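Undergrad: Sharing a structure here in structure tokens format.
We did not get these values from a lab; they are worked out from the coordinates using the rules stated. Predicted, not measured: the structure shown is a model, and the values here were computed from it. Using ideal geometry, Cβ is built from the backbone for each residue, glycine included, and neighbour counts are taken over all protein chains shown.
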Amino acid sequence: MTQNTLTKTLVLGFAFLAFSPLTSADDGRWERRSAKHHYGVKKAMMELVTKEEIREAIGVYAQAWDAKDIDGVLTIFTDDASWEHFVHGFEQPVFVAQSIEEIAGMAFFTFEFNTKGISTRHMQSNTLFNELSYDQASTVTTIVITHQTEGDTVPRLVFQGRYLDDWRKTEGVWKISRRRFMNDARPPQNP
């Protein structure tokens, strides 16, 4: 069962339960459900759908980046998006992009110079929602990034950390308005 099919199945199941006018009482009688109950279930369903849409966008980003598809990467960012890259031990970001054009430039530079001939894999998991409303959200996602060249027998871990993302629903689509990459890399130690 695909993720999309699972989501639709969950939504349809909740819709059936939520909008059925009757419910079983503790003593076996059937009672009418209140409007408050219907609103609560509808709200929970919309929250599930919203979370799944954002998780889907997180996956789109990983697949696009690993395919070195700049246009695909940019589809999940708002036009006024920003990106900050923090490294462990530094209070200020080591890199800042303050527009979608600067994010595109960072992606181009990375694809053409830093990772040319390298297979990258973004493994994102453990997404938690810190804030969620009808048009804004805030998430934290664990990220592990590997690189592998033709000569490597196994992928090499190059980054690990967290993406702290602020999301905005724009024209019915969830997009990142601010990304903070909290890189757990430690500076080299002197012997």
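Undergrad: Which ordering of Leu164, Leu48 is given by a fewest-first count of other beta-carbon atoms within 10 Å? Show your work: numbers first, answer last.
TA: Working: Leu164 17, Leu48 14.
Exposure proxy ranking, most exposed first: Leu48, Leu164.
Undergrad: Under 17 Å from a label point 7 Å along Cα→Cβ of Ala185: give me every residue in the stretch 91-106 with its amide N that close.
TA: 91-97, 106
Undergrad: Measuring from a point 7 Å past the Cα of Val96 along Cα-to-C-beta, which residues in the stretch 61-76 have an amide N at less than 18 Å?
TA: Counting backbone N atoms under 18 Å from the label point, the list is empty.
Undergrad: Okay, next question. Only sites in a loop by DSSP and with at most 15 other Cβ atoms within 10 Å count here; which chymotrypsin sites (Phe, Trp or Tyr not before Pro) in the stretch 97-191 make the cut? Walk me through the numbers on the way to the answer.
TA: Details: sites: Phe108, Phe109, Phe111, Phe113, Phe129, Tyr134, Phe159, Tyr163, Trp167, Trp174, Phe181; in loops: Tyr134.
Here the chymotrypsin sites (Phe, Trp or Tyr not before Pro) that fit, given the DSSP loop and packing criteria, are Tyr134.
Undergrad: What's the exposure ranking of Asp166, Asp71, going from fewest to most Cβ atoms within 10 Å?
TA: Asp71, Asp166
Undergrad: Enumerate the aspartates and glutamates that Lys116 could reach by cross-link, defined here as Cα to Cα under 14 Å, with residues fewer than 8 away along the same chain left out.
TA: Asp66, Asp69, Glu150
Undergrad: Quick check on the exposure proxy: order Val144, Val173 from fewest to most C-beta atoms within 10 angstrom. Numbers along the way, then the final one.
TA: On the way: Val144 16, Val173 12.
Least to most surrounded, the residues fall as Val173, Val144.
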